[in-house]
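One structure below.
The values are calculated or read from the model by the stated rules, or taken from the named source; none is laboratory data. Owing to the predicted nature of the structure, the values given are computational and were not obtained by experimental measurement. Using ideal geometry, Cβ is built from the backbone for each residue, glycine included, and neighbour counts are taken over all protein chains shown.
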Amino acid sequence: MATAASQPFKGNLKKALAGLRRINLEGLRWRVFDAKGQVLGRLASQIATVVQGKDKPTYAPNRDDGDVCVVLNAKDVCVTGRKMTDKFYHWHTGYVGHLKERSLKDQMAKDPTEVIRKAVLRMLPRNKLRDDRDRKLRIFPGSEHPFEDRPVEPYVMPPRKVREMRPRARRALIRAQKKAEQKTTNTKTKKEDKGQITT
């Protein structure tokens, strides 16, 4: 965070500050999320929780008490499996036959901030509070942001719970390891036999 503080913000300042005047920022915390190496869906669910204010004991579904979320390093977010090539965003222009689509890989190259924004907004309820919650979400592709004068707090992601391997999968893994060991021992004995025959 110290390196980001020393560098001035080089991005579009007008876009970065757009819509903030409409929100009452009194009493809200400024939470900073680092998306570097984070899985997209897991990060988006944490951001959606903080933006709605569900992490506070004063949460009420009809009030917008969520904190301002500043997401950095959006270009370094990760996805699991083959989603980078297999996941598509669809939209329609309004003209006949103009159903458009773009893969996640192309969207990351074009605008990586929109990937996180879409993931978070699709986790929020569709009601009157949604627009203000969207305004509280500030996403930047790099590690610089223009809110250095604000009392920002880094958000610590909860540790990922790795599920224990299922018994069938564990047995298959043990079988594969035994096969690999047998192959290596067989190749060693064959080499030794060849060495004895030549001598």
(message) Is it the case, given these coordinates, that Val156 is assigned to a helix (DSSP H, G or I) and within 30 Å of Phe9 (Cβ to Cβ)?
(response) no
(request) Kindly indicate whether Pro146 is in contact (Cβ under 8 Å) with a residue 24 or more places away in the chain and exposed (fewer than 11 other Cβ atoms within 10 Å of the Cβ). (result) no
(message) Considering only segment 175-195, I want to know if a residue exists there that is touching a helix residue (DSSP H, G or I) at 6+ places or on another chain (Cβ under 8 Å) and either aromatic (Phe, Trp, Tyr) or at pLDDT 85 or above (or both).
(response) no
(request) For residues that are basic (Lys, Arg) and touching a residue at least 12 places away in the same chain (Cβ under 8 Å), scanning just segment 124-143, find the one that is farthest from Pro8 (Cα to Cα). (result) Arg133
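Per-residue answers, yes or no, for (1) among the hydroxyl-bearing types (Ser, Thr, Tyr); (2) more than 18 Å from Glu153 (Cα to Cα); (3) touching a helix residue (DSSP H, G or I) at 6+ places or on another chain (Cβ under 8 Å):
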site	(1), (2), (3)
Val39	no, yes, no
Val50	no, no, no
Thr58	yes, yes, no
Val68	no, no, no
Val77	no, yes, yes
Tyr95	yes, yes, no
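Just checking, does segment 172-189 include any residue being closer than 19 Å to Ile116 by Cα and surrounded by 11 or more Cβ atoms within 10 Å (Cβ to Cβ)? Walk me through how you get there before you give the answer.
We begin by selecting, within segment 172-189, every residue closer than 19 Å to Ile116 by Cα; these are none.
The answer is no, given that none of the residues of segment 172-189 is closer than 19 Å to Ile116 by Cα and surrounded by 11 or more Cβ atoms within 10 Å (Cβ to Cβ).
Out of Lys56, Lys83, Lys100, report the one residue that is more than 10 Å from the chain's Cα centre (by Cα), of a type in the set (Lys, Arg), over 20 Å from His145 (Cα atoms) and modelled with pLDDT of 95 or more. Break it down into steps so the answer makes sense when it comes.
Working: Lys56 fails: modelled with pLDDT of 95 or more; Lys83 fails: modelled with pLDDT of 95 or more.
Every option except Lys100 fails the conditions.
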(request) Hey, can you tell me all the residues within segment 121-151 that are under 16 Å from Leu28 (Cα atoms), of a type in the set (Lys, Arg) and not in a helix (DSSP H, G or I)? (result) Lys136, Arg138, Arg150
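For (1) modelled with pLDDT under 90; (2) touching a Pro at 6+ places or on another chain (Cβ under 6 Å); (3) of a type in the set (D, E, K, R), each residue gets a yes or a no:
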{"residue": "Pro125", "(1), (2), (3)": "no, no, no"}
{"residue": "Asp131", "(1), (2), (3)": "no, no, yes"}
{"residue": "Lys136", "(1), (2), (3)": "no, no, yes"}
{"residue": "Ile139", "(1), (2), (3)": "no, no, no"}
{"residue": "Glu153", "(1), (2), (3)": "no, no, yes"}
{"residue": "Met157", "(1), (2), (3)": "yes, no, no"}
{"residue": "Val162", "(1), (2), (3)": "yes, no, no"}
